[in-house]
1. So what's the gap between the Cα centers of region 118-177 and region 4-43, to the nearest angstrom?
2. Nearest-5 percent of antiparallel DSSP beta bridges in the chain?
3. Using the Cα centre as the reference, give the magnitude of the dipole from point charges on the C-beta atoms of the chain (Lys, Arg: +1; Asp, Glu: -1; all else neutral), rounded to the nearest 20 debye.
4. In the chain, what is the count of Lys pairs whose alpha carbons are under 29 Å apart, counting only pairs at least 8 residues apart or on separate chains?
5. Could you order peptides 174-183, 141-150 by the average number of other Cβ atoms within 10 Å of their residues, highest first?
6. When only Cα pairs under 8 Å and 6 or more residues apart are kept, what is the percent relative contact order across region 16-90?
7. Can you tell me the relative contact order of the chain? Whole percent, Cα pairs under 8 Å, sequence separation 6 or more.
8. Note down the magnitude of the dipole of region 123-210 about its Cα centre, charges +1 on Lys and Arg C-beta and -1 on Asp and Glu C-beta and zero elsewhere, to the nearest 20 debye.
Amino acid sequence: MAKFEILPGLTFVDRSGWGAKSTFPRMGHRVPRSKRTHVIIHHTVVSDANDTSPILWETLPEVYRNMRRLQTIRPDLGNDVPYSFLVYLMAKKNAMVICEGRGEDRSGAHTKGHNTAGIGIALAGNFHEDDVPGIEVAKRMYLLSGFLGWLRYAPSHPDYGTFSAMKNLGSMRPVDREVYVHQDFKATACPGKRALPHLSQLAFVHPNAF
């Protein structure tokens with residue numbers, strides 16, 4: 001089990017940490033890190049229904065339950081999380097939790113034609129229809145930039161393992177952002193009109209810069 005801070009306020013939890021069901025085989029095929037060229041942002045549409053803040057998550061057990069739900073929510077794509085990583089905006093201390101889905105070394109099931117070269121990262125919640133305070137999204141985007149930088153420059157930790165950097169991640173990008181969104185490849189509302197204005201803040205920032 002791996003659960004650790006990448007930088008203050010940004011916690012990473014691997015599959016064993018959130019309790020991925022071992023009865024289901026892990027989906028996707030192995031992808032060399034050198035093949036990863038871009039990031040695609042999604043939203044899950046599955047909100048926090050336990051309180052009045054549908055895109056803010058209060059506790060880690062709540063996050064872990066939602067991850068286990070996402071593991072089986074799309075049986076048409078296989079009983080596994082379709083995204084590479086999930087992003088949870090935490091209610092306390094303006095924090096963020098990143099949960100491993102299929103991870104950085106396996107293909108996803110998130111964006112047709114881009115499931116090998118692309119890393120799919122989904123914001124947990126419905127950022128199109130739910131009431132989403134813009135400030136709650138905006139003030140956490142620097143943490144997501146730190147995660148993108150961690151993937152690109154230094155994706156290792158004593159509790160997680162020693163891995164090579166994804167030096168090519170971010171080499172493919174749209175003209176006005178450093179990351180793609182699902183809409184760039186498909187006629188869809190994903191990742192939601194309430195997330196889109198904030199995604200231009202994202203960059204691949206080395207964690208040592210914080």
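1. Using only Cα atoms, the two centres lie 11 Å from each other.
2. 40
3. Dipole of the chain, to the nearest 20 debye: 640 debye.
4. Here the count comes out as 23.
5. By packing density, highest mean first, the sequence is 141-150, 174-183.
6. Result for region 16-90 is 40 percent.
7. 28
8. It works out to roughly 260 debye.
Quick note: the coordinates plus some simple rules give every number you see, no bench work behind them. Bear in mind the structure is a predicted one, so any value in this text is a computation, not a measurement. When we count neighbours, we look across all protein chains shown, and the Cβ atoms used for this are built from the backbone with ideal geometry, even at glycine.
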